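Comments concern the structure below.
The values are calculated or read from the model by the stated rules, or taken from the named source; none is laboratory data. As the structure is a computational prediction, the values presented were derived from the model and not from experiment. Neighbour counts are summed over all protein chains in view; Cβ atoms, including those assigned to glycine, are modelled from backbone coordinates with ideal geometry.
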Amino acid sequence: MQRRARAYLSVAAVGTVLLAGCAQGTGSQKTNAAYDRSTKLSGKVSVMGFGATDEIAKVRLAEAKKAMGSKVTVKLIPGDLDIQQFLSGVASGDAPEVVYADRGQIGSFASRGAVIPLDDCIKGEKIDTSAFRSSALDAVTFRGHVYGIPEFNVVQIIQANADLLRKAGLTLDDVNGSSWSKVSAANKKLTRTVGGKLKVIGFDSKLPEFLPLWAKANGADLISADGKTAQLDDPKVVQALTWAVGIYNAQGGFGKVKAYRDSADFFGSGNQYASGTLGAMPMEQWYVNVLNDVSPKAPMAFDTVRDQQGQPIAFASGSAWAIPKGSKNPGAACRFARVMTQTSSWVKAAQERVRLRQKDGGLFTGVLTGNVDADKKIEAMIKPSGDARWDQAIRATYTANDHTFSMPANPAGQEFETAWQDGVNRVLNGQQSPKDAMAQAQKEAQKALDDAWAEIGK
Amino acid sequence: MSRRRSAVHAGDTRAAWLFISPWVVGFLVFTLYPLIYTGYLSLTDYDVINDPRFVGLDNFRALLSDDKVILALRNTAVFAVMSVPVKIVLSFFLAVLLNRAGRATGFFRTAFFLPKMTPPVAIGILLLLMFNGQSGLVNEVLGWFGINGPAWTTDPTWVKPGLVLMSLWTVGASVIILLAALRNVPQELYDAARVDGAGWWAQTRHITVPMASGAIFFLVIVDTIAALQSFTEAYTAYFGAGNSTYANSAALFYAIYLFQQAFQFLHMGYASAMALLLFVIIMAITGIQVRLSKRFVFYAGDQS
């Protein structure tokens, strides 16, 4: 009996130790780091979520290594950032020195204390934050502190098939979004269905992902500027969704459009433009490079997306460098982030790309860096290609880059996104009306925001 | 004499424990401990990075009022109810056919099993290609018979049937198990039945099915558990690589919602409570199946 009691006690003790051990968090560990441009650095810098896969990354990485000095060894942990792996690393005291994340993730990391505010880093390394595009900086600013050094800007432009537009008697003005009734009319003219099967998608409003773009074009934001209030049931958001879904309904429903879109050779020479199976859609600027590479003769026409007043508009996203809590070499991490995003590094990287594109006979379409100064210098390096179509694409891209907006950092980034995307999907799948779907999404998103903000106070 | 016997007995026991210890250690470390820890986490608010905070039964209370939990449970139950019988019946039918295939059995056995080697993520992508409403193979074939196939991948009514049909891609493993069971049915039973004038159907019903009932029961249990934990194919096709922003709530299985809560929203405590609930549900269903099996499953060894 005694032996059994002893056994139970041992099991309980071991269990308690194990539970306590595993539940160990990071407590209130603070990072004391001397951030100074003139400090000689040493030690290791492991970079999570970043792989130097192209010349833009490789050249800047070489610059960063040079600036940190030969006593710093850099280890890259490539691949998309694995959030759980990253957070577990931070929690167990095994954080990487720098983390490379989507800007949309920074608020969530900051709210949990997984990354540190960069005020001291910015001050010590003299990082000129005014050089960053405000939409990029807003996305990494949480409760008044910058938690990430932004880089790259992804924007959308209207990409259209000029032949199809011409045959239908349409121009870019009909599909750039400046007038939704014009887009709806153009959609009907461009759409072609044979025997109940869709043969040409007239206009693809790219739902669910581009709801923020259409809402903003209609004068509404999905979330308040302080990141605390969801605004998904705003009548302007509902109106934008109703219109964008109507584009699909006029073509026989989202199911048909999606099925046809999914069957397209998106990255190949038989893409929707080259095969004449898509009239127009808003799409990120990187797709211009794909089209130029795989189907340089495609009959393309480009413009910025326009808001209801006819002004250019684009939803900006991109990446950011952040320093995790527990980073063992924050000084080096900060310098790494500075050099990766400073104008001279971007320019050097762009020069290398120009050289390589010239060697391959390809087109240099510029690089959107998230840094206004670097963008200007790189734009100046672009030479007319001699082909009006691709020059038009580059002009549209840079114009869009000057007219961006972003969503503010908030602690429930992923849940908020899931809430509005699920709402849009319920409409696309025919399960709810736009109004009901957005009302439900509003409830879910607001609850997620309230819970997440309340958590910070605990 | 008895002391010597007990010494031998103790030695045997030690050896037995030694041999079984790799499994015992594995079970303790990789099954029992995570289970206990999940139980602990289910009572906490835990976001991976900060210390778990004890919240009592809050997570379980939240579970009961979470509409998505109800939706995910319903989706999972409907999928299991549709997929398990279809899979068992088809694999039994194929096993019976294979059993009569003579020399070609070896080839077909390999051919049926090969799709099982496909990674589940690839099956998810394959689903989107084969069941594409516009140009998919399935609707193409239906078109030959004048049937205008549905939008399998977007119409909520057809999403689960599509997943059920796609789950048949890996039916090969069940076919092999059933084939082995059919090979063990003594030929004398069929000979005796034939002498008594039993036809193919009567032989199948009264000899083949009862004699293979042990294997069928095993498959019912294993397939039910797999269906209730179904994740990768549906996630890939409707929530992950196949669609980065588009999702279909008809495919929101319980394990997918659990994954979202744990690894996307970082609500580890809540996800642990969800995991425990699923564990209890699976235990209960398996318990009922085991109880019912006593009426339907025939074990030759029980007859002695």
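Taken as a whole, the structure places A:GLN251 among residues that are in contact with a Gly (Cβ under 8 Å, 6 or more places away or on another chain) and in a loop (DSSP other than H, G, I, E, B).
So that you can scan it fast, the table gives a plain yes or no per residue for (1) β-branched (Val, Ile, Thr); (2) surrounded by fewer than 22 Cβ atoms within 10 Å (Cβ to Cβ); (3) more than 22 Å from A:ALA419 (Cβ to Cβ):
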| residue | (1), (2), (3) |
| --- | --- |
| B:GLY240 | no, yes, no |
| B:TYR254 | no, no, no |
| B:ALA273 | no, no, no |
| B:ILE281 | yes, yes, yes |
| B:ILE288 | yes, yes, yes |
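Residues in the stretch B:223-235 include none that are polar (S, T, N, Q), touching a Gly at 6+ places or on another chain (Cβ under 9 Å) and farther than 30 Å from B:ILE288 by Cβ. Candidates in the stretch A:200-224 are the residues that are in contact with a strand residue (DSSP E or B) (Cβ under 7 Å, 6 or more places away or on another chain) and facing chain B (nearest Cβ under 10 Å); of these, the one that is nearest to A:GLY279 (Cα to Cα) is A:LYS206. Of the helices (runs of 4 or more DSSP H) entirely within the stretch B:194-267, those holding at least 1 residues that are within 18 Å of the chain's Cα centre (by Cα) and modelled with pLDDT of 90 or more occupy B:213-228, B:232-238, B:254-259.
Scanning the stretch A:258-268 turns up no residue that is of a type in the set (A, V, I, L, M) and modelled with pLDDT of 95 or more. Among residues of the stretch A:80-108 being over 18 Å from A:LYS328 (Cα atoms) and part of a helix (DSSP H, G or I), the one that is farthest from the other protein chains (Cβ to nearest Cβ) is A:ARG103.
Return the only residue of A:GLY169, A:GLY148, A:GLY177, A:GLY107 being surrounded by 24 or more Cβ atoms within 10 Å (Cβ to Cβ), in contact with a helix residue (DSSP H, G or I) (Cβ under 8 Å, 6 or more places away or on another chain) and under 30 Å from A:ALA280 (Cβ atoms). Walk me through how you get there before you give the answer.
On the way: A:GLY169 fails: surrounded by 24 or more Cβ atoms within 10 Å (Cβ to Cβ); A:GLY148 fails: under 30 Å from A:ALA280 (Cβ atoms); A:GLY107 fails: under 30 Å from A:ALA280 (Cβ atoms).
Going through A:GLY169, A:GLY148, A:GLY177, A:GLY107 in turn, just one is surrounded by 24 or more Cβ atoms within 10 Å (Cβ to Cβ), in contact with a helix residue (DSSP H, G or I) (Cβ under 8 Å, 6 or more places away or on another chain) and under 30 Å from A:ALA280 (Cβ atoms): A:GLY177.
Annotation note: Cβ proximity below 9 Å between a residue of the stretch A:247-264 that is more than 7 Å from chain B (Cβ to nearest Cβ) and a residue that is surrounded by fewer than 20 Cβ atoms within 10 Å (Cβ to Cβ) and of a type in the set (Ser, Thr, Tyr) (sequence gap 6+ or interchain) occurs for A:ILE247/A:SER184; A:ALA250/A:SER184; A:GLN251/A:THR193; A:GLY252/A:THR193; A:ALA264/A:SER275. If only residues of the stretch A:215-243 that are part of a helix (DSSP H, G or I) and of a type in the set (Lys, Arg) are counted, the one that is surrounded by the most Cβ atoms within 10 Å (Cβ to Cβ) is A:LYS216. Restricted to the stretch A:109-119, and to residues there that are within 14 Å of chain B (Cβ to nearest Cβ) and in a loop (DSSP other than H, G, I, E, B), the residue that is farthest from A:TYR35 (Cα to Cα) is A:ARG112.
Filter the stretch A:120-137 down to residues that are outside any helix (DSSP H, G or I) and basic (Lys, Arg) and give me whichever is nearest to the chain's Cα centre (by Cα). Filtering the stretch A:120-137 for residues that are outside any helix (DSSP H, G or I) and basic (Lys, Arg), the one nearest to the chain's Cα centre (by Cα) comes out as A:ARG133. Selection of the stretch B:26-59 for residues being of a type in the set (D, E, K, R) and more than 10 Å from every other protein chain (Cβ to nearest Cβ) yields only B:ASP58. Annotation: B:LEU276 fulfils all but one of (1) modelled with pLDDT under 95; (2) outside any loop (DSSP other than H, G, I, E, B); (3) touching a Gly at 6+ places or on another chain (Cβ under 7 Å); the unmet one is (1). The lone criterion from (1) away from chain A (no Cβ under 14 Å); (2) farther than 21 Å from B:ALA62 by Cα; (3) without any contact (Cβ under 8 Å) to a residue 60 or more places away in the chain left unmet by B:ALA247 is number (1).
Would you say A:VAL339 is within 20 Å of the chain's Cα centre (by Cα) and either under 21 Å from A:ASN153 (Cα atoms) or free of Cβ contacts under 8 Å to residues at least 60 places away in the same chain (or both)? For A:VAL339, the condition - within 20 Å of the chain's Cα centre (by Cα) and either under 21 Å from A:ASN153 (Cα atoms) or free of Cβ contacts under 8 Å to residues at least 60 places away in the same chain (or both) - is not met. Of all the residues in the stretch B:140-173, those that are in a helix (DSSP H, G or I) and either at the interface with chain A (Cβ under 9 Å from one of its Cβ atoms) or among the aliphatic types (A, V, I, L, M) (or both) number 10.
Take the stretch A:244-292 and flag every residue that is basic (Lys, Arg) and surrounded by fewer than 22 Cβ atoms within 10 Å (Cβ to Cβ).
Keep residues of the stretch A:244-292 that are basic (Lys, Arg), which gives A:256, A:258, A:261.
Answer for the stretch A:244-292, where residues must be basic (Lys, Arg) and surrounded by fewer than 22 Cβ atoms within 10 Å (Cβ to Cβ): A:LYS256, A:ARG261.
Need at least 2 residues that are within 10 Å of chain B (Cβ to nearest Cβ) and touching a helix residue (DSSP H, G or I) at 6+ places or on another chain (Cβ under 8 Å) per element, so show me which helices (runs of 4 or more DSSP H) inside the stretch A:380-458 make the cut, counting only ones lying wholly within it. Ranges flagged: A:413-428, A:434-457. Residues of the stretch B:101-136 that are over 26 Å from the mean Cα position of the chain (by Cα) and either at pLDDT 90 or above or in a loop (DSSP other than H, G, I, E, B) (or both): B:ALA101, B:GLY133, B:GLN134, B:SER135, B:GLY136.
Could you list, in sequence order, the residues of the stretch B:94-139 that are within 14 Å of chain A (Cβ to nearest Cβ) and of a type in the set (Gly, Ala, Ser)?
We begin by selecting, within the stretch B:94-139, every residue within 14 Å of chain A (Cβ to nearest Cβ); these are B:124-139.
B:GLY124, B:GLY133, B:SER135, B:GLY136 - these are the residues of the stretch B:94-139 that are within 14 Å of chain A (Cβ to nearest Cβ) and of a type in the set (Gly, Ala, Ser).
The condition of being in contact with a strand residue (DSSP E or B) (Cβ under 8 Å, 6 or more places away or on another chain), not basic (Lys, Arg) and not in a helix (DSSP H, G or I) does not hold for A:LEU363.
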